[in-house]
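Participant: Sending over a structure as structure tokens; questions will come in a sec.
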Amino acid sequence: MEKENISYIALGSNIGDRFDNLSRAGQEIIKDKNNKIENVSSIYETLPYGYKDQGNFYNAVIKIKTGYELIELLDLLKSIERGIGREKSPRWGPREIDLDILFYNDLIFSNERITIPHKEVSKRDFVLIPLCEIAPELNHPVLKQKICDICIADSEKTVIGKIQQKLTFGIKI
């Protein structure tokens, strides 16, 4: 890995074997020699966000080191989603896998494809809770607050609880 960028990625699934979908996504990310998973949150079962008439999700967050620039990483994640079976679906609809870049270094960036930091981080307890678990000192570059200091009370409550299964990807947790 030539350059090491730090990125936090949210993983979510509510179609099929949710645990396997999250696991496969992580395995695909690290199969690429440009990526290394540094930390993995617990998996949280969550109520659907946005569109409510669908099954519960499994959600987790990973921290990676990557040699990819932001758009290259985005393209890789979209390719992994397609490989796991994700098809075009309504916004916030059911999906086999959803991989969202939450943060990329301390970059503040927006174009027609992506906004970094992810614009809904502070509204989603299913992102804030696992992020705080693995990166309590992480600062949100727009809000100028530590992740654990962002008020979860202001977010929609979707987290039901942790599940017993763990994603490890070969790292000691």
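The values are calculated or read from the model by the stated rules, or taken from the named source; none is laboratory data. From a predicted model like this one, the values you see are computed outputs, not experimental measurements. For neighbour counting, all protein chains shown are included, and Cβ atoms are generated from backbone atoms with ideal geometry for every residue, glycine included.
Participant: Somewhere in the range 151-163, is a residue of a type in the set (A, V, I, L, M, F, W, C), surrounded by fewer than 17 Cβ atoms within 10 Å (Cβ to Cβ), out of contact with any strand residue (DSSP E or B) (no Cβ under 7 Å at 6 or more places or on another chain) and not in a helix (DSSP H, G or I)?
Facilitator: Yes, that holds for at least one residue.
Participant: With the structure loaded, tell me whether I71 is surrounded by 20 or more Cβ atoms within 10 Å (Cβ to Cβ), modelled with pLDDT of 95 or more and either within 16 Å of G12 (Cβ to Cβ) or out of contact with any His (no Cβ under 6 Å at 6 or more places or on another chain) (or both) or whether it fails that test.
Facilitator: Values: surrounded by 20 or more Cβ atoms within 10 Å (Cβ to Cβ): no; modelled with pLDDT of 95 or more: yes; either within 16 Å of G12 (Cβ to Cβ) or out of contact with any His (no Cβ under 6 Å at 6 or more places or on another chain) (or both): yes.
Answer is no for this residue.
Participant: Now for a separate question. Which ones in the range 50-59 are buried (at least 20 other Cβ atoms within 10 Å of the Cβ) and either within 12 Å of the chain's Cα centre (by Cα) or more than 15 Å from D17 (Cα to Cα) (or both)?
Facilitator: Y58, N59
Participant: Check the range 26-39 and report whether any residue there is touching a helix residue (DSSP H, G or I) at 6+ places or on another chain (Cβ under 8 Å), more than 21 Å from I114 (Cβ to Cβ), surrounded by fewer than 22 Cβ atoms within 10 Å (Cβ to Cβ) and of a type in the set (S, T, N, Q).
Facilitator: Yes, the range 26-39 contains a residue that is touching a helix residue (DSSP H, G or I) at 6+ places or on another chain (Cβ under 8 Å), more than 21 Å from I114 (Cβ to Cβ), surrounded by fewer than 22 Cβ atoms within 10 Å (Cβ to Cβ) and of a type in the set (S, T, N, Q).
Participant: Would you mind stating whether K144 is free of Cβ contacts under 8 Å to residues at least 12 places away in the same chain and over 25 Å from I30 (Cα atoms)? Don't jump to the end; show me each part of the working.
Facilitator: Numbers: free of Cβ contacts under 8 Å to residues at least 12 places away in the same chain: yes; over 25 Å from I30 (Cα atoms): yes.
Considered against the rule, which asks whether it is free of Cβ contacts under 8 Å to residues at least 12 places away in the same chain and over 25 Å from I30 (Cα atoms), K144 comes out as yes.
Participant: Something else now. Does the range 133-149 hold any residues that are surrounded by fewer than 20 Cβ atoms within 10 Å (Cβ to Cβ) and either assigned to a helix (DSSP H, G or I) or β-branched (V, I, T) (or both), and which are they?
Facilitator: The answer is E133, I134, V142, C148, D149.
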